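Each remark here refers to the structure printed beneath this line.
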Amino acid sequence: MLEIRNLHVEVGGKEILKGLTLSIPAGEVHAIMGPNGSGKSTLSYTLAGRDGYVVTSGDILYQGESIIGLLPEQRAAKGVFLALQYPIEIPGVTTMTFLRTALNAQRKARGEQLMDAAQFLRLVRAKGKTLNVNDEMLRRPLNAGFSGGEKKRAEILQMALFEPKFAVLDETDSGLDIDALKLVAEGVNALRGPDRAMLVITHYQRLLDYIVPDHVHVLAGGRIIKSGGRELALELEKSGYDDIIKAAA
């Protein structure tokens, strides 16, 4: 599904990713953990195609095709999705309008029929029910005045509507209490399947109690320094990163 080959990325003239290599097959969920400044968010933004994140060497292959030269909206239309750590607020644009516009933009790019208002309303209500996103929340401006849990639920609702093939969840647990975390994790787990892959980026092992990964990777100094199963996350929670970083030096 996704193959990252010896990826080097600069931000503001400074190299952040320094030869990162990672392969994520379809049907699997991989988690990346690492200390602050290790390059986790840089990786997520680079995969999504954010401006200012410059690939100086290496490649990103998605379903066998290099996506480095594609714009963010082109990657999204092909099925790449990024759930942000801090979802942006858009005052004046209702959540309902944003979601329908974004979904129809993707459908148009793929040559699919656009959804009318009635069709979309039925779909968003059905998807939103499991995430506790009601009509009142959909009528509010996107993320404006939303709690941390509401922002994350709205973002996972986007993911449920778009049905991406590859999803990156950048510190989805940030700012969530345990009830909100469980609800968001249930929404993510509902989307797991043999034709979809996910990359979960997190500081803390607690998220991985609810979104159980197939593989865990440690990112430090701009590269993957260790990989393992779920037990690696438990080891990191207990011992921290220092010993692993020293062993990899």
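A short reminder: the numbers here are calculations on the coordinates, not readings from a lab. Here the structure is a predicted model, which is why all the values come from computation and not from measurement. Using ideal geometry, Cβ is built from the backbone for each residue, glycine included, and neighbour counts are taken over all protein chains shown.
Results, tabulated for the structure shown:
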quantity	calculated
Aspartates and glutamates with Cα under 13 Å of K127, excluding same-chain neighbours fewer than 8 positions away	D135, E155, E163, E186
Qualifying aspartates and glutamates (Cα of each under 15 Å from Cα of K165; at least 8 residues distant if same chain)	E3, E28, E65, E73, D195
Dipole magnitude (debye, nearest 20) for the stretch 1-144, charges at Cβ of Lys, Arg, Asp, Glu	420
For the stretch 1-141, convex hull of alpha carbons as volume per residue, Å³	149
Total formal charge among the other residues, if their Cβ is under 13 angstrom from that of H215, Lys/Arg +1 and Asp/Glu -1	-1
Sites matching chymotrypsin sites (Phe, Trp or Tyr not before Pro) across the stretch 157-215 that sit in DSSP coil, with at most 11 neighbouring C-beta atoms within 10 Å	none
The stretch 1-58: projected area of the alpha-carbon convex hull, averaged over directions, in nm²	4.0
Three principal axis lengths of the chain [C-alpha, angstrom, descending]	57, 39, 35
Qualifying trypsin sites (Lys or Arg not before Pro) in the stretch 207-249, DSSP loop, other Cβ atoms within 10 Å at most 14	none
Dipole moment magnitude, nearest 20 debye, the chain about Cα centre, only Lys, Arg, Asp, Glu C-beta charged	500
14 Å beta-carbon shell around L71, net charge (K/R +1, D/E -1)	+1
Trypsin sites (Lys or Arg not before Pro) restricted to DSSP loop in the stretch 65-129 with at most 15 other C-beta within 10 Å	R110
